[in-house]
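Asker: Have a look at the structure that comes next, please.
The values are calculated or read from the model by the stated rules, or taken from the named source; none is laboratory data. No experiment lies behind these values; they were computed from the predicted model shown. Ideal geometry is used to build each Cβ from the backbone, glycine not excepted, and the neighbour counts take in all protein chains shown. Only protein heavy atoms, including side chains, enter the accessible area calculation; ligands, DNA and RNA are left aside. Shrake-Rupley method; radii C 1.70, N 1.55, O 1.52, S 1.80 Å.
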Amino acid sequence: MAVPLRIALAGLGTVGGGVIRLLESNADLIARRAGRPVEVVAVSARDRNKDRGFDIGRFAWEDDMSALAARGDVDVVVELVGGSDGPALALGRNALAAGKGLVTANKAMIAHHGMELAQAAEASGAALKFEAAVAGGIPVVKGLREGAAANEIERIYGILNGTCNYILSTMEETGRDFGDVLKDAQELGYAEADPTFDVEGIDAAHKLSILAAIAFGAKIDFASVETEGISRLRAADIEQADALGFVIRLIGIADTETGPSGEETLFQRVCPYLVSRDHPLATVAGATNAVVAEGNYSGRLLFEGAGAGDGPTASAVVADLVDIARGITGAPLGVPADMLQPMPKADAGHRVARDYLRFVVADRPGVLAEITAAMRDAGVSIESLIQKGRPEEGGEVTVSIVTHDGPEANVDRALELLEGSDSLTEAPLVLQLLEN
Ligand code: NAP
Ligand code: HSE
């Protein structure tokens, strides 16, 4: 009889519950593929008495989850609690220090402390795996780290947050309100404990920083991700995008470029983009995620699948456990942590883009001239301009402008020129266009 891989599970919520159910229902198949059974021996969560829809009486229980790392009957600790620091990080550190494998779905913790945890894993020879931390059920970490290992990755980008994609595509299809659709995403178990992490782009930025490190051999640098979420979007932006032949999606995008002193620099950005309808990301709806990696030999690789939810995320967690049961460890980020490059943040000003600019302005003579003068003075060329307004006198109107290709710095300059203008009733919104 093969020796089982013995698991301690911290967190029995959406993902933890999914892992318990998956390990149970697919036990025979997993044992065959892993070469040995994968068995949960101990668990921890906040409330021992909560009804979770499965029996926890067969597992040992620890009130204090860090005690899981010290148990002699455990080979791998699975952390499914969340939070970049606090108990999750303490558990992760203790597990690796004790030479136990660590599997986690916690992108916040990997984005903030992944370098330290990878070094600890490499020092102790223990496995550190986090497939579920990026894009839920999609095997994109493995796909990049192993499947695309022969390639220079030129660019990586995609839809990395299921909650935002669910909100945007549902608003687009049904015309329902932002807050109303966010509530659905929370009920379906997609949203983070603090949903501002989803809607303000922070969760996608966590994931992007992890992917960028693997793709470009860079140190994880979450702090350098330029991040903007979807909370400023209005139904009018979605309608306007539609009229122009685009959909709006929250996209994370990263690439490298040569800096002014010849050094390699890293560009990482998360923000809403207008995605042209013929782009593969435009049809990605609901909580689906999709990641495009452009390899210099593979060409465009597209990874697509469920980005959140109990089943898909559990699938990624258990795939990591199967790897560990098979004896596969390896550098968590593809190359040893000490060999990852510290890449300075790229200066985005010279990057060329076509933009959608939305101004909400007072409905009075001269306002349009003021906006277009600022664009002229900053060297921004306008491709089209649409004004939509309320009929009542003195109301607000929305002015939407699409620019020709031009440097980002010019658009920034135009907005600086308009700063403080009493014609604008709210800060302008700038979205870039993502075309095929
Ligand atoms: P969740 O449903 O809120 O579950 C969290 C679990 O952690 C609960 O069982 C909770 O205990 C337990 N917990 C919280 N604080 C604790 C503490 N101080 N000590 C012990 N246990 C504690 O969260 P989730 O959605 O499963 O997410 C878990 C992790 O997976 C997070 O890092 C999240 O970002 C990540 N993730 C989630 C998804 C998704 O679709 N949900 C997808 C990918 C990654 P009680 O049940 O007793 O309250
Ligand atoms: N809150 C995350 C999302 C869960 O909506 O994508 C998956 O990481």
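Asker: Classify the chain: rounded, prolate or oblate, from the alpha-carbon gyration tensor (a ≥ b ≥ c, eigenvalue square roots; a/c under 1.5 rounded; otherwise prolate if a/b is larger than b/c)?
Answerer: Numbers: a/c = 2.48, a/b = 1.82, b/c = 1.36.
Here the chain falls in the prolate category.
Asker: Let me ask something else. Say the dipole of the stretch 126-183 comes from +1 at the beta carbon of Lys and Arg and -1 at that of Asp and Glu; which of C164, I153, A126 then lies farthest toward its positive end?
Answerer: Positive-most Cα among the choices belongs to A126.
Asker: Using alpha carbon centroids, what distance separates the stretch 275-336 and the stretch 26-62, in Å?
Answerer: Comparing the Cα centres of the stretch 275-336 and the stretch 26-62, I get a distance of 25 Å.
Asker: Please find the FRET efficiency linking A243 to Q119, where r is the Cβ-Cβ separation and R0 is fixed at 56 Å, and quote it to the nearest 0.05.
Answerer: Details: r = 51 Å, r/R0 = 0.91.
For R0 = 56 Å, the calculated efficiency reads 0.65.
Asker: Something else: Between 0 and 90 degrees, rounded to the nearest ten: what's the tilt of helix 107-124 against the longest Cα principal axis of the chain?
Answerer: That works out to roughly 40 degrees.
Asker: What list of ³J(HN,Hα) values in whole Hz, one per residue of the stretch 212-222 in order, does the Karplus curve 6.51 cos²θ - 1.76 cosθ + 1.60 (θ = phi - 60°) give from phi, with Gly and Pro shown as x?
Answerer: Going residue by residue, I get 5, 4, 5, 5, 10, x, 9, 5, 4, 9, 4 Hz, with x marking Gly and Pro.
Asker: Something else: How high is the relative contact order of the chain? Use alpha-carbon pairs under 8 Å, at least six apart in sequence, and give a whole percent. Mind dumping the intermediate values first?
Answerer: Details: 955 pairs, mean separation 72.8, N = 436.
The value is 17 percent.
Asker: Over the chain, average the accessible area per residue using a 1.4 Å probe and give it in Å², no decimals.
Answerer: On the way: 18000 Å² over 436 residues.
For the chain, the per-residue accessible area is 41 Å².
Asker: I'd like the FRET efficiency for A149 and R354, computed as 1/(1 + (r/R0)^6) with the beta carbon distance as r and R0 of 30 Å, rounded to 0.05. Before the final figure, lay out each step's value.
Answerer: Numbers: r = 34 Å, r/R0 = 1.13.
For R0 = 30 Å, the calculated efficiency reads 0.30.
Asker: By the gyration tensor of its Cα atoms, with a ≥ b ≥ c the square roots of the eigenvalues, what is the shape of the stretch 194-336: rounded for a/c under 1.5, prolate for a/b over b/c, or oblate? Before the final figure, lay out each step's value.
Answerer: Numbers: a/c = 1.76, a/b = 1.28, b/c = 1.37.
Oblate, because a/c is 1.5 or more while a/b does not exceed b/c.
Asker: How tilted is helix 14-25 with respect to the longest principal axis of the chain? Cα atoms for both, answer in degrees (0 to 90, nearest 10).
Answerer: Computed tilt is about 40 degrees.
Asker: Number of Lys pairs in the chain with C-alpha atoms less than 20 angstrom apart, excluding same-chain neighbours closer than eight positions?
Answerer: 13
Asker: Sort K100, K388 by accessible area with a 1.4 Å probe, largest first. Don't skip to the answer; put the middle values down first.
Answerer: On the way: K100 25, K388 110 Å².
Largest accessible area first, the list is K388, K100.
Asker: May I ask you to give the percent of accessible area on the stretch 140-306 that is carbon plus sulfur, with a probe radius of 1.4 Å? Let's see the in-between values first.
Answerer: Working: 2980 of 6220 Å².
That fraction is 48 percent.
Asker: If you average the sequence gap of Cα pairs under 8 Å that are 6 or more apart and divide by the length of the stretch 350-434, what percent do you get for the contact order? Kindly include the intermediate steps, with their values, before the conclusion.
Answerer: Values: 154 pairs, mean separation 41.6, N = 85.
Across the stretch 350-434, relative contact order equals 49 percent.
Asker: Of all the accessible heavy-atom surface of the stretch 350-434, with the other protein chains kept in place and a 1.4 Å probe, what percent is carbon and sulfur?
Answerer: On the way: 2030 of 4160 Å².
C and S fraction of accessible area: 49 percent.
Asker: Heavy-atom accessible area of S231 with all protein chains present, probe 1.4 Å, nearest 10 Å²?
Answerer: Roll a 1.4 Å probe over it and S231 shows about 60 Å².
Asker: Mind ranking 79-92, 130-143 by how tightly packed they are, going by the mean number of other C-beta atoms within 10 angstrom, highest first?
Answerer: Ranking, from highest mean packing down: 130-143, 79-92.
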